[in-house]
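A quick write-up on the structure given underneath.
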Amino acid sequence: MNLTRTIIRRPIATTMIFGIIGVMGAVAATKLPINELPNVTFPAITISVADPGANSTTVDQQVTKPLEQALQGVSGVTKMVSTSSEGNASINLSFVGGTDVNAAANEVAQVVARAQKQLPAGISPPAISEVNPLATPLMTVNFSGNIPPAQLYDAVVTLVEPRLDQVTGVGQITLAGGLEPEANVVVDPAVLAARGLSLKDVTSAIAAENVNSANGSTSSGQSSNSVSTTNQAQSPSQLGNLVVGSPGGLPVTLGEVASIQQGFAPQTTTNELNGQPTTALTILPQTSANAVATNSALETALAQIQPHLPPGMHYTVTADSTTFTLASLSATGEDLALAILLASLVILFFLQSARQTLIVATAIPTALLATALMMFFFHFSLDLISLLALSLLIGILVDDAIVVIENITRHLHMGKDPATAAYDGRMEIGAAAVALTLTDVIVFLPIAFVTGNTGAIFREFGITIVVASLFSLLVSFTLTPMLAAHWLKPGRLEPRQRVTRAMKHTLERGMALMQAGYERVLRRSLRHRPVVLLVAIGALVMTIAYLPSGLLGTAYVPQADTGIVVGNAQMPPGTTLAATNAALEKLAGKVLHLPGVTDVVVQAGQGGGGGGGVTTNTGTITIDLVAASKRPESIYTVETDVSKMAHSIPGLRVGTSVPTPLVSPGSSAIAVILRGPDLATLDQLSTKVVSAMRGLHGLAQVQSTATQAAPAWNIVVNQSAAQSFGLTAQEVAAEVSTAVNGTTVTTLQTSSGVAEPIQVTVPGNTSLGLTQLENLPIAQAPPSAGGSAVSASSGLPSGSSVTSTATGTAALPGGSVPAPVTLGQVATIVHAATPLAINEYDELPQVTVHAGIAPGVALGTVTAEVQAAVHKVGLPPGYDFLMGGQSKQQSDAFAPLLLALYLAPFLIYMLLAGLYESLLLPFAVLFAVPLALFGGLGALVVFHQTLNLFSLLGTIMLVGLVSKNAILLVDYTETLRKRSVERHQAIIDGARTRMRPVLMTTVTLVIAMLPVAFLAAPGSEYRSPMALVLIGGMSTSTLLTLIVVPTLYIYLDNVRQSWFRFRGKSLGYPETATDEDERTAELPPVSVPG
């Protein structure tokens, strides 16, 4: 059964089938989730452990290294990166692509559970979480108001956060800023010593006596009674009556040795919106969530919560990432609609038939709707990648529709009735149409099977293109001939309107002149084949020379104007949280005066994962801008202005970036990761690398993570002295931690029902002097023990950290007078400097040098210069470097896509070799590829674009499209020769006949891509490079292919015939004119109608 014949005979059934597909596709399109990126799972896991009070060195030695050693046995790990900072250890594991993250997380949890026995007793339970390195927050909600800080914080924590956490699609919510209510028990060390008590006595007493415990239930008859022990204080006065000890037989209450007040916990982060303090919630989506739907649900939930908030409390949403996603989606839809309209107008111009134009205009949306239906069943989303695929689909759909309708029109003009013309025209082009579609399939199918993170992202792209191509073939074989058979009229019907008739005659005359002119040029070219071949080779050489010559730079992704600027701020090591916040406040005040700025959010302090660790000298600034069309300056000018403003504030350095899809948040353009066994040597090497990189053109904001150390005091516990008082080094460290860092012991149940943590500390705990530390009572001495303090001789500088270690050498303290044991009696306090953070890469210490690039500078070029500069510095044995940041992402992404690009010609060759049963003729088609690349890459050079991820996808598409044009020429030439047409005449007739559809597809595609290439709209930075490649490549390819492919066909056919003669066989074609006959053949007179 012939499908096309059956379809033509069943128009109503055909219409209903495609109507069903169209309706279902339209419904499916409305159901597709809208996200920034495809729904992919990145195999990465983070382990975070809080060790309150420990400095980075202690955390590294006691927490990070034991965990790293245990995690070595986890299967599938490709990279292990760790950071040890004050109070926190964080280890990130990256796995091979395709790893089941849930299974990996279970294995990691088991390994960590076994290793936890080797970790210090005071740590928090390790937190294991699956992470997405490309995850971008949906939004930040900033709460403020004319209400007490405690009430504001309580409303956010108890009313808002739990409600937002229930919204479908919400993943992680992070709180920043605000004042957390807390009961502060400030113990006076002098009074404590006078009463013969220690801090441990106080914390132990509160933990033992301030309890509220459920003890089960009892039953009597038919009644059941719960049993609980309630002895929990509900006010500071009740807590003050708690007995903390009875030295000498006299009870001492907490109120006698400490002041008790309801206050606030020390701030670890501050958050401000436009200069006003706020409590902020930053919301990340779940991996599989519909970002736009989740954002809408969050806005609805916030509106519902608003009436229940305390009067005067309000919220402001900032850094809404879905704004750009929706704007980009809308712009892509407009581009698609405009492209279809322009394509239809071009087809109308060429064919001068509204009916034929309507057929094409029906075929394209039908294929698009069928593609939307497929995307729904494949659980794809409307995102940056699928939108790019849809933008490129116009080229494929237009090409397929024009080839079929033009051939049907040609048969119609032969005098055939519409049904016969539709059938014959489709059947004649059938083999070529299959080859054209399979060309698209084999070009893009490898992308669907690319492995790794890049493959996970672009699998959606490849499958969408492949399925759309197959649907396009189905439409061209069924719907298009059916509509042509029933909508077109027989013969050459003259338009009724005089103007229309004149336009048609003018067009036909112009086309005839073009065909005649083309035939003359082609005949001359065939007579001077070596010249044509040299021109083609020249284009090939120029194409190869684009990159090495520096004419064309490479980059990971184009810089897009997303309307948000993010800056990572840093103050000198040891800077307090208040000082960092003050510097960021000044910067925010300056930035608010920049044109186009709507909101500025600054956050001082960055907490470590798992609830521990804070770096008080760092922070962030997030700037929201109006739409690019509504502000006078580009987003990159704003970036530069912010960096300059930051330099005017003493000590403040800010590295800015524009959040971009496919770029890991916070990653720099260039990152040089230096690795080696010794951290001091790495610091020295990083200084040399920074100096070398600052001498390179195009780099900006070159900074190193080295030499970030803060002043510290190390408390070296004398083990013998401590044991004489019945103390261990761990007990000494716990007492010091309570004094300096504070210890949370149970809660105070207030009358309002809020459980406030009880924090035990000493006056001025964050600014204790050396003498105060030495005189700190840490235990009660046994009756037979006395002692003398071990002295030290300097004051405690601001911002110093305190760490306890143990030694085994010192004299036993003497004396028998019972008295409190002070810290100075059992330890020596030593001044030192400790790194703010210790970073390791695969268990080796690492220092990273970060740098941004100036606008207009190609990332690939700068990366090569940086690598050469680092090699020139010279690394000693045992040390090496790796590239990170966007340069690493570029190399990871380019590798599989370039492989797909290199594979495309080979796959096309194998397809055509099978089609033509020839190992030589496919080369005539493939030679069109470098001719197209000459124009495609040249367009990038002319318009100052780079070869990036998106232009590379356009290049892969270009390979398929130009191959299709060449197939049309070669296929029809072969068809004519099988009809006994002499070779030279077959080439001329085939090229002349196929010039019209080739020219139509090229002009239609180029004009359809013009708005995609040149209209400034959200996300156009991604679509424009692809469109430019197609416009430039199709233009030069069409001009050169129409000449070069027929010329090369002769060379290859001569070789083919020589091979057959050598084997004593015949091609079965009529006798071919000699080369001399073809060169001397006279040009026939040109016949032009009208």
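The values are calculated or read from the model by the stated rules, or taken from the named source; none is laboratory data. Keep in mind it's a predicted model, so treat the numbers as computed, not measured. FYI the Cβ positions are ideal-geometry reconstructions off the backbone, even for glycines, and counts take in every protein chain you see.
The table that follows gives values for the structure above.
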{"quantity": "Test: Ala932 is modelled with pLDDT of 85 or more, part of a helix (DSSP H, G or I) and within 21 Å of Val541 (Cα to Cα)", "calculated": "yes"}
{"quantity": "The lone exception for Gly960 - which of (1) part of a helix (DSSP H, G or I); (2) modelled with pLDDT of 85 or more it fails", "calculated": "(2)"}
{"quantity": "Failed item, numbered, when Asp842 is tested on (1) at pLDDT below 80; (2) touching a Lys or Arg at 6+ places or on another chain (Cβ under 8 Å)", "calculated": "(1)"}
{"quantity": "Residue within segment 429-446 that is part of a helix (DSSP H, G or I), within 27 Å of Leu488 (Cβ to Cβ) and without any contact (Cβ under 8 Å) to a residue 24 or more places away in the chain present", "calculated": "no"}
{"quantity": "Residue in segment 885-892 that is surrounded by fewer than 24 Cβ atoms within 10 Å (Cβ to Cβ), in contact with a strand residue (DSSP E or B) (Cβ under 9 Å, 6 or more places away or on another chain) and among the basic types (Lys, Arg) present", "calculated": "yes"}
{"quantity": "Long-range neighbours under 8 Å by Cβ, at least six apart or interchain, first residue touching a residue at least 24 places away in the same chain (Cβ under 8 Å) within segment 965-977, second among the acidic types (Asp, Glu)", "calculated": "Thr975/Glu428"}
{"quantity": "Test: residue in segment 211-220 that is out of contact with any strand residue (DSSP E or B) (no Cβ under 7 Å at 6 or more places or on another chain) and not in a strand (DSSP E or B)", "calculated": "no"}
{"quantity": "Check on Asp424, over 30 Å from Tyr556 (Cβ atoms), without any contact (Cβ under 8 Å) to a residue 24 or more places away in the chain and not hydroxyl-bearing (Ser, Thr, Tyr)", "calculated": "yes"}
{"quantity": "Hey, Ala28 within 30 Å of Ala367 (Cα to Cα), part of a helix (DSSP H, G or I) and either acidic (Asp, Glu) or under 29 Å from the mean Cα position of the chain (by Cα) (or both) or not", "calculated": "yes"}
{"quantity": "Per-region count, segment 707-758, residues buried (at least 23 other Cβ atoms within 10 Å of the Cβ), among the polar types (S, T, N, Q) and within 46 Å of the chain's Cα centre (by Cα)", "calculated": "2"}
{"quantity": "Residue selected from segment 911-920 under the condition touching a residue at least 60 places away in the same chain (Cβ under 8 Å) and surrounded by fewer than 24 Cβ atoms within 10 Å (Cβ to Cβ), by the criterion nearest to Ala669 (Cα to Cα)", "calculated": "Leu911"}
{"quantity": "Verdict on Ser691 being among the polar types (S, T, N, Q) and closer than 30 Å to Ile457 by Cα", "calculated": "no"}
{"quantity": "All positions within segment 446-481 that are in contact with a Gly (Cβ under 8 Å, 6 or more places away or on another chain), of a type outside the set (Phe, Trp, Tyr) and either at positive phi or modelled with pLDDT under 85 (or both)", "calculated": "Pro446, Ile447, Ala448, Val450, Thr451, Gly452, Asn453, Gly455, Ala456"}
{"quantity": "Exclusive hit being out of contact with any helix residue (DSSP H, G or I) (no Cβ under 9 Å at 6 or more places or on another chain) and of a type in the set (A, V, I, L, M, F, W, C), set Val77, Val101, Val112", "calculated": "Val101"}
{"quantity": "Search result, residues across segment 596-623 that are in a strand (DSSP E or B) and modelled with pLDDT under 55", "calculated": "Gly607"}
{"quantity": "Tabulated pairs, segment 170-194, first more than 26 Å from Ala258 (Cβ to Cβ), second of a type in the set (Gly, Ala, Ser) and at pLDDT 85 or above, C-beta under 6 angstrom, 6+ apart or interchain", "calculated": "Ala176/Ala280; Gly177/Ala280"}
{"quantity": "Among residues of segment 233-246, those that are out of contact with any helix residue (DSSP H, G or I) (no Cβ under 9 Å at 6 or more places or on another chain) and within 26 Å of Ala779 (Cα to Cα), counted", "calculated": "2"}
{"quantity": "Test result for Ala233, surrounded by 11 or more Cβ atoms within 10 Å (Cβ to Cβ) and not acidic (Asp, Glu)", "calculated": "yes"}
{"quantity": "Some residue of segment 93-108 being in contact with a Lys or Arg (Cβ under 6 Å, 6 or more places away or on another chain) and buried (at least 17 other Cβ atoms within 10 Å of the Cβ)", "calculated": "yes"}
{"quantity": "Within segment 635-678, tally of residues that are farther than 22 Å from Leu584 by Cβ, at pLDDT 85 or above and surrounded by 17 or more Cβ atoms within 10 Å (Cβ to Cβ)", "calculated": "8"}
{"quantity": "Residues located in segment 420-479, provided they are among the aliphatic types (A, V, I, L, M) and farther than 19 Å from Leu907 by Cβ", "calculated": "Ala421, Ala422, Met427, Ile429, Ala456, Ile457, Leu474, Val475, Leu479"}
{"quantity": "Any strands (runs of 3 or more DSSP E) falling wholly within segment 37-98 and containing at least 1 residues that are under 11 Å from Pro126 (Cβ atoms) and of a type in the set (Ser, Thr, Tyr)", "calculated": "44-50, 88-95"}
{"quantity": "Sole exception among (1) surrounded by fewer than 20 Cβ atoms within 10 Å (Cβ to Cβ); (2) farther than 30 Å from Leu662 by Cβ; (3) touching a residue at least 40 places away in the same chain (Cβ under 8 Å); (4) of a type in the set (A, V, I, L, M) for Ala13, by number", "calculated": "(3)"}
{"quantity": "Segment 872-881: number of residues that are under 15 Å from Met693 (Cβ atoms) and surrounded by 11 or more Cβ atoms within 10 Å (Cβ to Cβ)", "calculated": "3"}
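Yes/no matrix, rows are residues, columns are (1) modelled with pLDDT of 85 or more; (2) exposed (fewer than 13 other Cβ atoms within 10 Å of the Cβ); (3) under 30 Å from Leu369 (Cα atoms):
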| site | (1), (2), (3) |
| --- | --- |
| Ala484 | yes, no, yes |
| Glu494 | no, yes, no |
| Gln497 | no, yes, no |
| Glu508 | no, no, no |
| Met511 | no, no, no |
| Arg529 | yes, no, no |
| Ala555 | yes, no, no |
| Val565 | yes, no, no |
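Results for (1) surrounded by 11 or more Cβ atoms within 10 Å (Cβ to Cβ); (2) β-branched (Val, Ile, Thr); (3) at pLDDT below 80, shown as yes or no for each residue.
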residue: Leu1040; (1), (2), (3): yes, no, no
residue: Thr1047; (1), (2), (3): yes, yes, no
residue: Asn1054; (1), (2), (3): yes, no, no
residue: Gln1057; (1), (2), (3): yes, no, no
residue: Arg1061; (1), (2), (3): yes, no, no
residue: Pro1070; (1), (2), (3): yes, no, yes
residue: Glu1076; (1), (2), (3): no, no, yes
residue: Ser1087; (1), (2), (3): no, no, yes
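Residues checked against (1) part of a helix (DSSP H, G or I); (2) among the hydroxyl-bearing types (Ser, Thr, Tyr):
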position: Ala710; (1), (2): no, no
position: Asn714; (1), (2): no, no
position: Ala722; (1), (2): yes, no
position: Leu727; (1), (2): no, no
position: Ala733; (1), (2): yes, no
position: Ser737; (1), (2): yes, yes
position: Thr747; (1), (2): no, yes
